[in-house]
Structures are given as structure tokens and as C-alpha cells.
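**Q** Attaching a single structure in C-alpha cells format; questions to follow.
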Amino acid sequence: MREITGLPLTNRVLITAQRMLPGHVIGIHSDRPLVGYEIVRLVVQLNKQWQAEHGGVLELFASPESEAVFRVNPEYNKAFGFLLHADSYHGVTEVTQPRQTVVFNFWHAANTSELAAHVQTLFADMHFSELPTALDPVVSTAESSLPEETTFHAGMTALALHRWGYDETTVVTGYQHSAGLAICENNDTETYAAVLLADWVAYLYRDSFDLARWTILRRELAGIEVFTRLMPTWLLCLPE
């Protein structure tokens, strides 16, 4: 699967056996990879003498409202793998005969269960009131003109920086960067690295693991020193 996907997958593999009975159907959904979730799934079909009238077809969709763009019949010994992301919509048509599959789940090296636990701990018992008062006027201005989800994300970025022990100037810079009010320049390498990493963990906490965004983060921080106070988070988000 590493060779097929080109992704840095961990050695962890979770295998589940699944059985659908007549009348069962799986509606259209997206198993978007939240923090700590698997990113690749391989489905192996174990249905001998499958016929079209038996149903159980795996369907892929561009959106919840669209028609299926790809179908995989549950024929014996056929395997189908796909990436999980926010738009990986799929479902299974109703079955008239038992449908048996074995599913192999794979994790991205930068989205492990250990990272999930780390992010949950970082943002545990969250109170924005602990942020420095120097941030108050910036927050007030932002909340009067920006969507709540944007200011919430920016607040979490600021909170991560605060809990990592950065000063109020860095906390304000992180908030402004995440809110889109200003771009953090790389003049101060540690501030730049801390803000980008804080923005990423805030995104992980409230949204999902986005492979494209992670790739950009990795490129932006490539070759930069792993600073001491960032090391535990850095090594989980950007493993070698």
C-alpha cells in the first residue's frame, strides 16, 4: 500500500471482517480522517457466485447529491483501495444475499493515534480567558467582521502558542496569521515555525487531516531546526 499510494504509512494495520445481511444498505457518507483516523482503506470481497441481483455494490460519489461516479462489484477475491478525505463519499447498495468483506485500514505517519492523544491533551480544559490581554483588541476587531469558525480557529492557534510558553507578541502573531489578518513572515525562524505548527494542530483539532495542507506544512518547515518547546508536537506532526 505504501508503493501504491506513495504515502508514508505506519506499520499499524487494523483488519476488520464485515458482513451485510439481506436488506442492509450503507448510505452515502465520507469517513473523513479526523485527527488519529486512518487515511487508506483496502476492501477485499469474499462473495462467491455473486450475481448483479445480489446488490452490495460499492459506489463512489463526487458529492452527497451526485450520481455514482465509480462502482465496484463485490466479486470474489476482488480488492479495491481508496484514500479517505473530506470528500471521499461512498456507500453500498442494498444487498439481497449476504455480503462479506475484509477491510484493511492504514494510518498516515503524521496522523497517528498518538498525535490524536497529544492534540486532545494540548487543548484540554480550554479557556480563551487564559490568553494574554494584549490579544483582546485584535480579537474584538476580528469577531466583528470574520466568521465564527475563522476566529475560533485563530483563537485555538493562539492558545497552542500560549500553552507552549510563547510571549504575547507571538500569540498575537499566531492569531492574526490564522485569522488571515496578516501573514507570518519567516524573519524569525522559531516564531515562523511555531505559528505554522500551532495553526496546523488547531486545524486538526476542529476539522480533519488534510493531506494537501500537511504537504504544504512539511515543505514550509523543511530544513528548519526542531526547537525544544515544539519538539513533542513537531515529531508527531512531521515525523522523519
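**Q** Quick one: residue 152 ticks every box in (1) closer than 22 Å to residue 231 by Cα; (2) of a type in the set (A, V, I, L, M, F, W, C); (3) within 20 Å of the chain's Cα centre (by Cα) except a single one, so which number is it?
**A** So the condition that residue 152 fails would be (1).
**Q** If you take the residues in segment 63-82 that are among the hydrophobic types (A, V, I, L, M, F, W, C) and at pLDDT 95 or above, which one is nearest to residue 102 (Cα to Cα)?
**A** 79
Residue by residue, here is whether (1) closer than 17 Å to residue 122 by Cα; (2) loosely packed, with under 15 Cβ neighbours inside 10 Å holds:
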{"residue": "180", "(1), (2)": "no, yes"}
{"residue": "193", "(1), (2)": "no, no"}
{"residue": "196", "(1), (2)": "yes, no"}
{"residue": "232", "(1), (2)": "yes, yes"}
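**Q** Scan segment 156-178 residue by residue and report those that are over 13 Å from residue 132 (Cβ atoms) and free of Cβ contacts under 8 Å to residues at least 40 places away in the same chain. Spell out the reasoning first.
**A** Kept after step one, since they are over 13 Å from residue 132 (Cβ atoms), are these residues of segment 156-178: 156-157, 160, 164, 176-178.
Hits for segment 156-178 are 176, 177, 178.
**Q** Still on this model: For segment 198-227, how many residues meet the condition of being surrounded by 21 or more Cβ atoms within 10 Å (Cβ to Cβ) and among the small types (Gly, Ala, Ser)?
**A** 2
**Q** Contact list please: Cβ distance under 8 Å, first residue in segment 68-88 and over 13 Å from residue 56 (Cβ atoms) and in contact (Cβ under 8 Å) with a residue 40 or more places away in the chain, second residue outside any loop (DSSP other than H, G, I, E, B) and among the polar types (S, T, N, Q), pairs at least six apart or on different chains.
**A** 81/5; 83/5; 84/30; 85/30; 86/30; 87/30; 88/30
**Q** When you look at residue 88, is it surrounded by 12 or more Cβ atoms within 10 Å (Cβ to Cβ) and either outside the structural domain of residue 117 (by TED's automatic domain parsing) or farther than 22 Å from residue 237 by Cα (or both), yes or no? Let's see the steps before the verdict.
**A** Working: surrounded by 12 or more Cβ atoms within 10 Å (Cβ to Cβ): yes; either outside the structural domain of residue 117 (by TED's automatic domain parsing) or farther than 22 Å from residue 237 by Cα (or both): yes.
In short, yes.
The values are calculated or read from the model by the stated rules, or taken from the named source; none is laboratory data. Note that the structure is predicted; figures quoted are calculated from it, not measured. Reconstructed Cβ throughout: ideal geometry from the backbone, glycine too, with neighbour counts over all protein chains shown.
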